[in-house]
Amino acid sequence: MFQKVRLRLAALCAGITGFILLTMSCAWLYISERSLHKNSFVSFQSDMNTIIANMEQQTVITHEWLNKLENHGKYRINIIDNGVPFLYNERNNQEQKELFSAAWEAYESRFQAESKESTYADWHEEFPFSYGGIDYYVCAAISERKNGTFQVMILFSLATLGHQIWLQRFLFLGLDAFAIALLSLFSWYFTNQLLYPLEENQKNQVQFIASASHELRTPLAVILSCASAAQKAQDAEREHFLSSIREEGTRMSLLIDELLLLTSTGSRRAMEKEPVELDTLLLNLYESFEPLAKDQGLSLRIELPEEALPPCTCDSVGVGQALSILMNNAFCYTPTGGHVALVLTYSAREEAFRISVIDDGIGIADSEKARIFERFYRTDPSRSQKEHFGLGLSIALEIINSHHGRILVDDTLGGGSTFTVVLPSKIKD
Ligand code: ADP
């Protein structure tokens, strides 16, 4: 599913940017071509001004002068003196004749109404003209003299300019194609980065649902089998099955409570953050665990700093829950006769509290330390109690993370585990 979304997003991203790029390129090409045409026409007009003025001053028009003027084929010249072509040399072939007669016709149809009764130095016209698929600029000059009419036509082929324009178009097309290919690659990479957290989240959710269903299936199977056994059993036996059903039901309800807690912390439920006296919170926690310590034959101690502490801005219920989980684990994984300590310190330099739950119990292997915060992970399920589902540490981690804090796990000197919660004293939302 994500692959499809990725493909669509990448195509959309590359498509939109590619379209914008192409539109901008077309606009740029249009403007540039217009100005190229305009500039070349202006330059042609200024050339013609010079040439025609020059021609006016010539008393005799020689072939050498005309050859020079033709400038190695840059211009084509046609002179008609009193209706007689002046320059029909070897170059004035049939094709050239047709070209000039078409140009003269175009001139006639364009400038019929214009005056021709001045010298051609004062009066000449330049205009664009197309013949045989080739564009030209034309300069036409006509002079009425006492001894007759003198007509001059100069043609400038735009083939070179056309080549230049096509070259520019191909260059832009190539550059655009290259940019679009790069954009597509970038979009593909970018959408991957964008979708990666969503993909991971979805995988985690699927994993979570699978694990939760698996955990729920066990007590449910026991309940169902006990229920059918209870139906067939004698009165005395039935009570035993019913108590098993009650026990498994309670276990299921415990698991559901933990799942709900995890999803609510996972969705970052609105925590009520307020200034909290952490030493008081820890003292209350210590007192609530004292009876359990007595029951389990564990020694429990608390260490608080002597000096006055700043308040910690946090959700006291959430932090209390996280610390209870750590305490519960310490009690669960420390055999009778062991020691559990709750220690609070404050670093003014780091502006952070450190709350350590230290036990001298079974400890955690180094290879397991990174994994114990995963949902439903238990190092040795056979050693955990039935109501331990491997969710406690992930719940605690979610809560502390939402306070921008950390949970560190270490070995206790001499054996056992030490879990340390690092909480900044001021939490920015
Ligand atoms: P559980 O509810 O099973 O205790 P947790 O997420 O709280 O789940 O802990 C995950 C695993 O980490 C436990 O199964 C246990 O193996 C290990 N663990 C947690 N705390 C301790 C501890 N204080 N000492 C030894 N092992 C611990």
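Structure above, values below:
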item	result
Residue list for segment 171-214, filter: closer than 15 Å to Leu7 by Cβ and touching a Leu at 6+ places or on another chain (Cβ under 7 Å)	Thr191
Options Glu274, Glu237: the member that is in contact with an Asp or Glu (Cβ under 9 Å, 6 or more places away or on another chain) and away from the ligand (no atom under 16 Å from the Cβ)	Glu274
Single residue of segment 285-321 satisfying the filter (surrounded by 21 or more Cβ atoms within 10 Å (Cβ to Cβ) and more than 15 Å from Ile358 (Cα to Cα)) that is farthest from the ligand (Cβ to nearest atom)	Cys312
Which listed residue, of Glu307, Glu277, is over 43 Å from the mean Cα position of the chain (by Cα) and without any contact (Cβ under 8 Å) to a residue 24 or more places away in the chain	Glu307
Selected residue [surrounded by 16 or more Cβ atoms within 10 Å (Cβ to Cβ) and more than 26 Å from Asp47 (Cβ to Cβ)] from Leu158, Leu195, Leu185, Leu173	Leu195
Of all residues making up segment 33-66, the number that are surrounded by 14 or more Cβ atoms within 10 Å (Cβ to Cβ), touching a helix residue (DSSP H, G or I) at 6+ places or on another chain (Cβ under 9 Å) and not in a loop (DSSP other than H, G, I, E, B)	6
Given (1) free of Cβ contacts under 8 Å to residues at least 60 places away in the same chain; (2) loosely packed, with under 12 Cβ neighbours inside 10 Å; (3) assigned to a helix (DSSP H, G or I); (4) touching a helix residue (DSSP H, G or I) at 6+ places or on another chain (Cβ under 8 Å), number of the condition Ser243 does not satisfy	(4)
Residues being near the ligand (Cβ under 8 Å from one of its atoms) and either free of Cβ contacts under 8 Å to residues at least 12 places away in the same chain or assigned to a loop (DSSP other than H, G, I, E, B) (or both) - total across segment 388-413	4
Segment 302-335: number of residues that are at pLDDT 90 or above, in a helix (DSSP H, G or I) and aliphatic (A, V, I, L, M)	7
Residues within segment 335-357 that are crowded, with 22+ Cβ neighbours inside 10 Å, within 16 Å of the ligand (Cβ to nearest atom) and either within 25 Å of Ser264 (Cα to Cα) or touching a residue at least 60 places away in the same chain (Cβ under 8 Å) (or both), tallied	3
Index of the failed condition, Leu255 passing every other in (1) modelled with pLDDT under 90; (2) out of contact with any Phe, Trp or Tyr (no Cβ under 7 Å at 6 or more places or on another chain); (3) over 18 Å from Ile399 (Cβ atoms)	(2)
Qualifying residue in segment 283-297 (condition: in contact with a Phe, Trp or Tyr (Cβ under 7 Å, 6 or more places away or on another chain) and closer than 29 Å to Asn201 by Cα)	no
For Leu255: the one exception among (1) farther than 29 Å from Leu413 by Cβ; (2) under 40 Å from the mean Cα position of the chain (by Cα); (3) more than 16 Å from the ligand (Cβ to nearest atom)	(3)
Filtered residues of segment 358-378 (kept if part of a loop (DSSP other than H, G, I, E, B), more than 7 Å from the ligand (Cβ to nearest atom) and in contact with a Phe, Trp or Tyr (Cβ under 9 Å, 6 or more places away or on another chain))	Arg371, Arg375, Phe376
Residue among Ser417, Ser324 that is in contact (Cβ under 8 Å) with a residue 12 or more places away in the chain and buried (at least 21 other Cβ atoms within 10 Å of the Cβ)	Ser417
Number of the condition not met by Thr160 [criteria: (1) touching a residue at least 12 places away in the same chain (Cβ under 8 Å); (2) closer than 30 Å to Ser35 by Cα]	(1)
Residue pairs meeting the criteria (Cβ under 7 Å; at least 6 apart or on separate chains; first at pLDDT below 85, in segment 214-240; second surrounded by 14 or more Cβ atoms within 10 Å (Cβ to Cβ) and not in a loop (DSSP other than H, G, I, E, B))	Glu215/Leu255; Pro219/Glu248; Pro219/Arg251; Pro219/Met252; Ala233/Phe241
Failed item in (1) farther than 18 Å from Asp295 by Cβ; (2) of a type in the set (Gly, Ala, Ser); (3) near the ligand (Cβ under 10 Å from one of its atoms), with Ala330 passing the rest	(1)
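Matching residues to (1) within 28 Å of His388 (Cβ to Cβ); (2) among the polar types (S, T, N, Q):
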position: Ile180; (1), (2): no, no
position: Glu199; (1), (2): no, no
position: Gln205; (1), (2): yes, yes
position: Ala212; (1), (2): yes, no
position: Leu220; (1), (2): yes, no
position: Leu224; (1), (2): yes, no
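The values are calculated or read from the model by the stated rules, or taken from the named source; none is laboratory data. Keep in mind that what you see is a predicted model, and the values were worked out from it rather than measured. Note that each Cβ is placed from the backbone with ideal geometry, even for glycine, and that neighbours are counted across all protein chains shown.
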